[in-house]
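Encoded as C-alpha cells, the structure appears first; notes follow it.
Any read-out appearing in this document is the output of simple, stated calculations on the displayed coordinates, not a laboratory observation. Predicted model only: the values in this text are computed from it and were never measured. Here Cβ is always computed from backbone atoms with ideal geometry, including for glycine, and neighbour counts include all displayed protein chains.
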Amino acid sequence: MSDAKLTTLTAAAARRMLDTRDISAVELTEAHLARIDQLDGDIHAYLHVSGDVARAQAVEADARMATGEVAPLTGIPVALKDILCTTDAPTTAASRILDGFISPYDATVVERLREQGAILLGKTNTDEFAMGSSTENSAFGPTHNPWDTSRVPGGSSGGSAAAVAADEAILSLGSDTGGSIRQPAGFCGVVGLKPTYGRVSRYGLIAFASSLDQIGPFSRSVEDAAIMLGAIAGHDPRDSTSSPRDVPDFTQALRENLRGVRIGIAREYRVEGMEPGVERACQDAIAQLEELGAEIIEVSLPHTEYALATYYITAPAEASANLARFDGVKYGLRLEEPTLAGTYETTRGAGFGPEVKRRIMLGTYALSSGYYDAYYVRAQKTRTLIKRDFDRAFETVDAIVAPTSPTVAFGIGARIDDPYQMYLSDVFTIPANMAGIPGVAVPCGFSDGMPVSLQVLGKAFDEATILGIAHAYEQATTWHERRPGERV
Ligand code: GLN
C-alpha cells in the first residue's frame, strides 16, 4: 500500500491490516512522519514532532504484535494536544511561560495510550492554555485549516483537528472546556467527541477551567471515536472528579438505524448570524435522521441565551486561580528581578499572551470581593438552570441535535481583534460543558466549500447513545469520506 493511502486509514481499518500483517507499525509510522514532513510547513498542526520516540514505539509495537498481545490502539499513530503532559516531549500549552518545561510525569490518558502500544507522533498546536476558538492565540503562530489554508481550523484544539483532517495522524486527543473539541472537529470536517465530565481522567491535563475541562478524541469515523474513548475512559484515583462507573464497550453501541430513538431539536438553537448554508445542511441532516427511523421532537432549553455569559464568568474565574501557579518559580520561564514580586510580575507579563491576560483579569474581577456575588455566584446559579433545562428535555428525548457552530471556518485574522465575535463561535457548544453532558460532532455537509458539522448531545454518561446515533447518520451519508483537496 502506498504511503498516501496509509495515512488516510481509520484506526479500525489500520487495526485489521496490522493484525493480518499487511502493514507494520513501522511502515504506518514512517508514512505519517513523511506526511508531516511534507505538509506541516503549510498546516502547522504540530508544535513538536517526536520522530525518534515514535519510531522506537513502532518497533516495540511490531514486536508486541508478533507475540499476539494486541490492544485496539497497538501500532496506531496518535497526536496529542500540547496541553497534555508527556515525559518525552516538551509540554507548552502554546505559551511562552512554559518555555523549556518537560513534565516529570505523563497525563493518565497518555499513560493509557502507551500501555496500549499506541504511537505518539507529537504535540499539536492550541490556543494558549486552550483559551480561544481559532488556534490564533498560540504563542507559536496559528494552525491553518487543511480545507483552505487561509482559514482557521477552529480551536482551541485546532492542531489536533487539523492533524487528523490533513492525514498527519489517524487519531488525536484534545480538550473541550467550552467546545474546543467539537468546534474544531466541525471546522476541519472530522469527528470530535467531548465525553461526559468525569468520564476521562484529567490528571496531567494543564487545567484551564476545572469544573468544565474534559479530554476527548478526534477521528475520521464515529467508530474510531468509540475505540479511542474506550482506551482513555475510566476511573483514575489521581483525578477525584473521574467517575468510578464502568466503561462499556462503546463500539457495541454503534447502530445502523434509529428506529425507536427520540431526538430533540431545541427551539432556542436558532440564532441570529447563523449562516444559511449551515442551517440548510443541519436541516437536511435532521431529515436524514428521521428517514433512519428517529422520531424528531421539539424541546425547549430556555436558559440557552445565558450560556455564553455564564461561561465567560465561570471559565475565566477558574482560569485565574489555575494559572496562578505559573509565576517563574516552578515551571518554565523565569525572568529574575531583585524582588520576588518583581520576578512574578516580569515573568507573567512577558510569559502570557494577550488573551490569557484578558481572562485572568476578567476572572480575578469576577471573584473579587464586592463582585463575587453579583457575577460568580449568579453565574453558578444560572449554570444550574442550564443543567436543569437539559434534565427536563432528556425526560422526553434520548438525545438532542444542533449545529456544532453557527458558521463554517472563518478567515485567519477575521475575528482576532473582536473577542466578542470570537466568543460567539461557541454559542452551541458551551451549554453542554455547563451541564457536564457528552456531545459528538459529525460532518453533515458543506457551505461555501467548507465542512459543516452536526452535534449530538446526550445524557450524562450516555456516550453510547450519541455515538450510536452519530454512527447511523455517518453510515447513511458520505460527508465523512470527503477529503481536503476535493473541495465541493
Ligand atoms: N473557545 C472557548 C474559550 O475560548 C472554549 C475553549 C475550550 O473549550 N478550551 O474559552
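Under a crude label model (7 Å from the Cα following the beta-carbon direction), how far is ALA321 from THR339 in nanometres?
The modelled label-to-label distance comes out at 2.8 nm.
Once you have the Cα-Cα distance between ASP417 and ARG483, take 0.36 nm times their residue separation minus that, and quote the gain in nm to one decimal.
20.7 nm
So how far, in whole Å, is the C-alpha centre of the range 125-141 from the one of the range 39-59?
Distance between centres, Cα-based: 19 Å.
Loop-only check: which GluC sites (Glu not before Pro) in the range 1-69 are DSSP coil with at most 14 other Cβ within 10 angstrom?
Qualifying residues, ordered by number: GLU69.
Once the Cα gyration tensor of the range 372-488 is diagonalised, what are the square roots of 5 times its eigenvalues, in whole Å and ordered largest first, as equivalent ellipsoid semi-axes?
That gives 28, 23, 8 Å for the three semi-axes.
Once the dipole of the chain is set up with Lys and Arg at +1 and Asp and Glu at -1 on Cβ about the Cα centre, which of LEU193, LEU292, THR10 lies farthest towards its positive end?
In the chain, that residue is LEU193.
So the label point goes 7 Å from the Cα of GLU290 along Cα→C-beta, right? Which residues of the range 252-275 then have their backbone N under 18 Å from it?
What the label zone holds, given the 18 Å backbone N cut-off, is 258-270.
Regarding the chain, what are the three Cα extents along the principal axes, ordered largest first, in Å?
Extents along the principal axes, in whole Å: 63, 53, 44.
Taking LYS387 as the anchor, which lysines have their alpha carbon closer than 26 Å to its alpha carbon, excluding any fewer than eight residues away along the same chain?
Partners within reach: LYS194, LYS459.
When the Karplus curve 6.51 cos²θ - 1.76 cosθ + 1.60 is applied with θ = phi - 60°, which whole-Hz ³J(HN,Hα) does each residue of the range 156-163 get, with x for Gly and Pro?
Once θ is set to phi - 60°, the couplings for the range 156-163 become 7, 7, x, x, 5, 5, 5, 4 Hz.
I'd like the GluC sites (Glu not before Pro) in the range 408-488 restricted to DSSP loop residues with at most 14 other Cβ atoms within 10 Å, sorted by number.
Within the range 408-488, the qualifying GluC sites (Glu not before Pro) (loop, at most 14 other Cβ atoms within 10 Å) are GLU486.
If we sort 166-173, 366-373, 253-260, 186-193 on the protection proxy, mean other Cβ atoms within 10 Å, highest first, what's the order?
Packing proxy ranking, top to bottom: 186-193, 166-173, 253-260, 366-373.
Once every Cα of the range 1-141 carries one equal point scatterer and solvent is ignored, give the base-10 log of I(q)/I(0) from the Debye formula at q = 0.20 Å⁻¹, two decimals.
Scattering profile of the range 1-141, log10 relative to I(0): -1.18.
Rounded, prolate or oblate: pick one for the range 121-248, where a ≥ b ≥ c are the square roots of the eigenvalues of its C-alpha gyration tensor, a/c under 1.5 means rounded, and failing that, prolate if a/b is larger than b/c, else oblate.
oblate
Could you pull out the GluC sites (Glu not before Pro) across the range 258-357 that fall in loop regions by DSSP (anything but H, G, I, E, B) with no more than 16 other Cβ atoms inside 10 Å?
Passing both the DSSP loop test and the Cβ count: GLU268, GLU272, GLU336.
What residues qualify as long-range amide H neighbours of ALA266, i.e. H under 5 Å apart, gap of 5 or more or another chain, H built at 1.01 Å from N?
Hits under the 5 Å cutoff: VAL299, VAL401.
Modelled label-to-label distance, ASP373 and ASP42, 7 Å Cα→beta-carbon offset: nm?
5.9 nm
How big is the Rg/Rh ratio for the range 202-281, C-alpha atoms only, Rh by Kirkwood, two decimals?
Using Cα coordinates only, the ratio equals 1.06.
Out of all DSSP beta bridges in the chain, what portion is antiparallel? Express it as a percent rounded to 5.
65 percent
On a straight-distance basis, which lysines could pair with LYS330 in a cross-link, Cα separation under 28 angstrom, same-chain partners fewer than 8 positions away excluded?
Filter leaves LYS81, LYS123, LYS357.
Go through 233-240, 31-38, 401-408 and give me the packing order, highest mean Cβ count within 10 Å leading. Don't skip to the end; give the middle numbers.
Details: 233-240: 16.2, 31-38: 19.9, 401-408: 25.6.
Highest-to-lowest ranking by the protection proxy: 401-408, 31-38, 233-240.
Hey, how much of the P(r) for the range 335-422 falls beyond 22 Å, as a percent of Cα pairs?
That fraction is 61 percent.
Would you mind computing, in nm to one decimal, how far apart the modelled labels at ASP19 and ASP249 are, each placed 7 Å from Cα along Cα→Cβ?
Taking the simple label geometry, ASP19 and ASP249 are separated by 1.1 nm.
May I ask you to derive the FRET efficiency for SER2 and ARG280 from their Cβ-Cβ distance with R0 = 22 Å, giving the value to the nearest 0.05?
Approximately 0.05, to the nearest 0.05.
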